[in-house]
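Novice: Supplied in structure tokens, the structure appears directly below.
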Amino acid sequence: MSQTNAKNALTLEIDSLSYGPYGIGRVGGKAVMVPHTAPGDIVEAKIVESKDRYAVGAILRLIAPSPVRQTPLCPYVGSCGGCSWQHLRYDAQLKAKQQSVEDALRRIGKLHRFELRPIIPSSNEYHYRRRIRLQVDGSSKVGFYGASSHQLVEIDSCAIADDRLNGIIEYLRRWLPSLPITMEHLEIVTGDEPNQIVVTASALDEFAMRYESACKELVSANHGIHGLILHGRNWRKVWGQPTISVKLSSDFSLAVDADVFTQVNSDGNRRILQELLAVADFHIHDRILELYCGAGNFTLPIAKRVAEVVAVESHRPSVVSGKLNAQRNAISNIRWICSPVPQVVTQLKNRKERFTKIILDPPRAGAKGIERELAGLEASKMIYISCNPATLARDLAALAKQGYKLQIVQPIDLFPQTFHVEALAVMER
């Protein structure tokens, strides 16, 4: 670091990436976080916010680009808040994601003796998302929010969206003025079979019959949209076919309503399932507890290999979808429980129920506060799937205090061009 002549400007060498959109340089030992930078960049930056332990900077000028820097494919990079790492070569993204998982486990979790496996890359660096959410402003403006703002950035296409979704954006922009309703956002979702595109829309108004003709038009106008789900605070309406196919293997698929959560990266989802089945080593006599099971993405394949699965999920439409898919596939050894996970875990412990293995796939906030109850279920193996290295490290550390030992961590990249990373962790006792 050196001072420049410009007031409050610094010359920084970026030496690493944070788990976030920032590159990190240092001033007298203090970290300076600068967005849109790459390890090895030399930049002129200004400080825009200063804290006790770190500062946030803004890049004024790129003095010398890093060898790992690349020209972004997307014209909206820098304004759209989506792809914060598109200026990095993919090998550099993978290296940084691997490092972010390791750093969190060692720094936050104080976990050291485990096998950290090399990150599994995405099969596609671009056009991998089966689902995108478009924000709506007014009658015809659609796009994404800018970074750390609610400023709408209008787009015509998205470099990480499935091209089938990109082909629908302009039609939706033209369709919106025909719908006399205030929209909050739209989602476009595609399945793993051809010609499966469903639009889901969140409305701020109550439903009225005058919306009917415009909604029918969307799914009958031969634009490739085969379903529309429109919902408000207390209502939900469907036109056409609302389901998509989620292919889990060459011979096994789920049919899931498009407004139920599914992983955005189809190939990545299948790879997580493969890794889970490999490390779990399921047996026919296993009794499995699966927490945050969703619509059965892991539940049904696991159930085909074990004696029983107790599957817990608080989102009722997901549980309904899971039950229907179990019936379609003649799978009858799943006990579905639709309730908050902490409440169910406490009840299971109080009833002295026992499981051989426990699977957790919580949201980004993790599963804090249920470690003691989980340990009381006496499972010999616990597998935790996470999309947030920080909460993963926190929760694994808490489970370690209950006698579980971290054995394996497998990072998996489901989100190229972003800093997000998935990880699968195996604990045993």
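The values are calculated or read from the model by the stated rules, or taken from the named source; none is laboratory data. Please read these numbers as outputs of a predicted model, since none were measured by experiment. In this analysis, Cβ positions are derived from the backbone assuming ideal geometry, glycine residues included, and neighbour counts consider all displayed protein chains.
Novice: Can you name the residue in region 152-168 that is in a loop (DSSP other than H, G, I, E, B) and in contact (Cβ under 8 Å) with a residue 24 or more places away in the chain and is also nearest to R130 (Cα to Cα) among such residues?
Specialist: Taking the candidates together, the pick is D162.
Novice: From I331, I288, I284, I272, grab the single residue that is under 23 Å from the mean Cα position of the chain (by Cα), at pLDDT 95 or above, in the same structural domain as Y384 (by TED's automatic domain parsing) and over 30 Å from L218 (Cβ atoms). I'd like the intermediate steps shown before the answer.
Specialist: Details: I331 fails: under 23 Å from the mean Cα position of the chain (by Cα); I288 fails: under 23 Å from the mean Cα position of the chain (by Cα); I284 fails: under 23 Å from the mean Cα position of the chain (by Cα).
Exactly one residue qualifies, and that residue is I272.
Novice: Of all residues in region 118-159, how many are farther than 19 Å from V189 by Cα, within 18 Å of the chain's Cα centre (by Cα) and aliphatic (A, V, I, L, M)?
Specialist: 3
Novice: Quick check on region 228-269: of everything there that is among the small types (G, A, S) and over 17 Å from the mean Cα position of the chain (by Cα), which residue is farthest from D162 (Cα to Cα)?
Specialist: The residue in question is G232.
Novice: Let me ask something additional. May I ask you to verify whether S84 is touching a Phe, Trp or Tyr at 6+ places or on another chain (Cβ under 7 Å) and at pLDDT below 95?
Specialist: Answer is yes for this residue.
Novice: Sort out for me the strands (runs of 3 or more DSSP E) sitting completely within region 235-282 that have 1 or more residues that are farther than 30 Å from E212 by Cα and out of contact with any His (no Cβ under 9 Å at 6 or more places or on another chain).
Specialist: Once the strands (runs of 3 or more DSSP E) in region 235-282 are filtered for at least 1 residues that are farther than 30 Å from E212 by Cα and out of contact with any His (no Cβ under 9 Å at 6 or more places or on another chain), what remains is 243-249, 252-257.
Novice: Could you say whether any residue in region 170-190 is modelled with pLDDT of 95 or more and either in a helix (DSSP H, G or I) or among the small types (G, A, S) (or both)?
Specialist: There is no residue in region 170-190 that is modelled with pLDDT of 95 or more and either in a helix (DSSP H, G or I) or among the small types (G, A, S) (or both).
Novice: Among the residues of region 341-383 satisfying the criterion of being in a loop (DSSP other than H, G, I, E, B) and among the β-branched types (V, I, T), which is surrounded by the most Cβ atoms within 10 Å (Cβ to Cβ)?
Specialist: I370
Novice: Condition check: under 20 Å from L172 (Cβ atoms), surrounded by fewer than 23 Cβ atoms within 10 Å (Cβ to Cβ), within 26 Å of the chain's Cα centre (by Cα) and not assigned by TED's automatic domain parsing to the domain that holds G296. Does S202 satisfy that?
Specialist: For S202, the condition - under 20 Å from L172 (Cβ atoms), surrounded by fewer than 23 Cβ atoms within 10 Å (Cβ to Cβ), within 26 Å of the chain's Cα centre (by Cα) and not assigned by TED's automatic domain parsing to the domain that holds G296 - is met.
Novice: Just to be sure I understand, how many residues within region 118-140 are polar (S, T, N, Q) and touching a His at 6+ places or on another chain (Cβ under 9 Å)?
Specialist: Here the count works out to 1.
Novice: Go over the candidates E308, E313 one by one and state the one that is modelled with pLDDT of 95 or more, surrounded by 18 or more Cβ atoms within 10 Å (Cβ to Cβ) and charged (D, E, K, R). Spell out how you get there, then give the answer.
Specialist: Values: E308 fails: surrounded by 18 or more Cβ atoms within 10 Å (Cβ to Cβ).
Testing whether each residue is modelled with pLDDT of 95 or more, surrounded by 18 or more Cβ atoms within 10 Å (Cβ to Cβ) and charged (D, E, K, R) leaves just E313.
Novice: Which residue pairs have Cβ atoms under 9 Å apart, sit 6 or more places apart or on different chains, and have a first residue in region 250-273 that is within 14 Å of I412 (Cα to Cα) and a second that is of a type in the set (K, R) and in a helix (DSSP H, G or I)?
Specialist: Between residues of region 250-273 that are within 14 Å of I412 (Cα to Cα) and residues that are of a type in the set (K, R) and in a helix (DSSP H, G or I), the close pairs are N265/R271.
Novice: Go through region 384-405 and report how many residues are in a strand (DSSP E or B) and either crowded, with 24+ Cβ neighbours inside 10 Å or hydroxyl-bearing (S, T, Y) (or both).
Specialist: Residues in region 384-405 being in a strand (DSSP E or B) and either crowded, with 24+ Cβ neighbours inside 10 Å or hydroxyl-bearing (S, T, Y) (or both): 2 in total.
Novice: Continuing with the same structure: Go through region 316-332 and count every residue that is part of a loop (DSSP other than H, G, I, E, B), without any contact (Cβ under 8 Å) to a residue 60 or more places away in the chain and surrounded by 15 or more Cβ atoms within 10 Å (Cβ to Cβ).
Specialist: First, pick out the residues of region 316-332 that are part of a loop (DSSP other than H, G, I, E, B): 329-332.
If we keep only those that are without any contact (Cβ under 8 Å) to a residue 60 or more places away in the chain as well, we get 330-332.
When the remaining residues are screened for being surrounded by 15 or more Cβ atoms within 10 Å (Cβ to Cβ), the result is 331.
The number of residues fulfilling the criteria is 1.
Novice: Spot the failing condition for W85; the list is (1) surrounded by fewer than 17 Cβ atoms within 10 Å (Cβ to Cβ); (2) under 26 Å from R164 (Cα atoms), and only one is missed.
Specialist: Of everything listed in (1) surrounded by fewer than 17 Cβ atoms within 10 Å (Cβ to Cβ); (2) under 26 Å from R164 (Cα atoms), W85 misses just condition (1).
Novice: Restricting attention to region 88-97, does a residue exist that is surrounded by fewer than 21 Cβ atoms within 10 Å (Cβ to Cβ), within 28 Å of E154 (Cβ to Cβ) and either assigned by TED's automatic domain parsing to the domain that holds S148 or not hydrophobic (A, V, I, L, M, F, W, C) (or both)?
Specialist: yes
Novice: While we're looking at this one, here's another question. Does region 130-142 contain any residue that is within 20 Å of A423 (Cβ to Cβ), touching a residue at least 40 places away in the same chain (Cβ under 8 Å), of a type outside the set (S, T, Y) and not in a loop (DSSP other than H, G, I, E, B)?
Specialist: No, region 130-142 contains no residue that is within 20 Å of A423 (Cβ to Cβ), touching a residue at least 40 places away in the same chain (Cβ under 8 Å), of a type outside the set (S, T, Y) and not in a loop (DSSP other than H, G, I, E, B).
Novice: Same structure, new question: Here are some conditions: (1) crowded, with 23+ Cβ neighbours inside 10 Å; (2) in a strand (DSSP E or B). W336 meets all but one. Which one does it not meet?
Specialist: Of the numbered conditions (1) crowded, with 23+ Cβ neighbours inside 10 Å; (2) in a strand (DSSP E or B), the odd one out for W336 is (1).
Novice: While we're here: Among the residues of region 355-372, write down those that are closer than 15 Å to V306 by Cβ and either in contact with a Lys or Arg (Cβ under 7 Å, 6 or more places away or on another chain) or modelled with pLDDT under 95 (or both).
Specialist: Those that are closer than 15 Å to V306 by Cβ and either in contact with a Lys or Arg (Cβ under 7 Å, 6 or more places away or on another chain) or modelled with pLDDT under 95 (or both): F355, T356, K357.
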